[in-house]
1. Pairs needed: first member in the range 48-70, without any contact (Cβ under 8 Å) to a residue 24 or more places away in the chain; second member anywhere, of a type in the set (Gly, Ala, Ser); C-beta distance under 6 Å; at least 6 residues apart or different chains.
2. Quick test of your reading of the structure: Pro78 fulfils all but one of (1) open to solvent by 100 Å² or more (accessible area, probe 1.4 Å); (2) farther than 28 Å from Val23 by Cα; (3) within 16 Å of the chain's Cα centre (by Cα). Name the failing condition by number.
3. Determine if the range 50-59 includes at least one residue that is in contact with a helix residue (DSSP H, G or I) (Cβ under 6 Å, 6 or more places away or on another chain), surrounded by 12 or more Cβ atoms within 10 Å (Cβ to Cβ) and modelled with pLDDT of 95 or more.
4. If the requirement is being open to solvent by 30 Å² or more (accessible area, probe 1.4 Å), in a strand (DSSP E or B) and touching an Asp or Glu at 6+ places or on another chain (Cβ under 9 Å), which of these qualifies: Leu42, Leu65?
5. Hey, can you tell me all the residues within the range 1-28 that are open to solvent by less than 50 Å² (accessible area, probe 1.4 Å), in contact with a Pro (Cβ under 9 Å, 6 or more places away or on another chain) and assigned to a strand (DSSP E or B)?
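The values are calculated or read from the model by the stated rules, or taken from the named source; none is laboratory data. These numbers come from a predicted model, not from an experiment. Cβ coordinates were reconstructed from backbone atoms using ideal geometry, including for glycine residues, and neighbour counts include every protein chain displayed. When the accessible area is computed, the model is the full protein with side chains, heavy atoms only, and any ligands, DNA or RNA have been set aside. Shrake-Rupley method; radii C 1.70, N 1.55, O 1.52, S 1.80 Å.
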Amino acid sequence: MMRIKLWPDLVEWPLEATVDGDVITINGEGFDFSPLKDGQRLPCSAIDSQYFVGSEFIERKGKTLYMTLRFPVSWDSPEEYRNPSEHIVIDARKGVVKFPDASPVIEPQPVIEIPEPEEPAND
C-alpha cells in the first residue's frame, strides 16, 4: 500500500497516477520503490522528477510506502486544496489513484432580467 500526502503547488501539468505493488506510475512515468526495505528512507531530492517534493522523503514502514507528491492547483482552485488546514492523504492499494478535484469553482452568475418596454398609451 502507498500513503500519499499531497503538497499543493501552482503548476500547470495534470496529475494522474496508478499503483501496482511498490510501483507508482505518474503521468506515464514509472517509479519502482521495491528496493526500499522496512525503516529505510529515500530523499525525494534523489529522484529526478518534478512530481515529488524535494524536501520530503519516500519511506517504508512495514508494508506501506509513504510519499509526498506535488498536487497541481491554480489560483482559483477551492481554498481547501490551495491551503489545506490538514494534509490531504490518499491510501492507494492497486489501480488508479483518485486525487481530489482541484478544478476552479465557477460561481453561477446572477441572471439579470430586462423588463419589456412599455407600449405607449393610445389616447
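1. Once the first residue is without any contact (Cβ under 8 Å) to a residue 24 or more places away in the chain and sits in the range 48-70, its partners that are of a type in the set (Gly, Ala, Ser) give Gly54/Ser45.
2. (1)
3. Within the range 50-59, one or more residues are in contact with a helix residue (DSSP H, G or I) (Cβ under 6 Å, 6 or more places away or on another chain), surrounded by 12 or more Cβ atoms within 10 Å (Cβ to Cβ) and modelled with pLDDT of 95 or more.
4. Details: Leu65 fails: open to solvent by 30 Å² or more (accessible area, probe 1.4 Å).
Checking each option against the conditions leaves just Leu42.
5. If the condition is that a residue be open to solvent by less than 50 Å² (accessible area, probe 1.4 Å), in contact with a Pro (Cβ under 9 Å, 6 or more places away or on another chain) and assigned to a strand (DSSP E or B), then Leu6, Pro8, Asp9 are the ones that fit.
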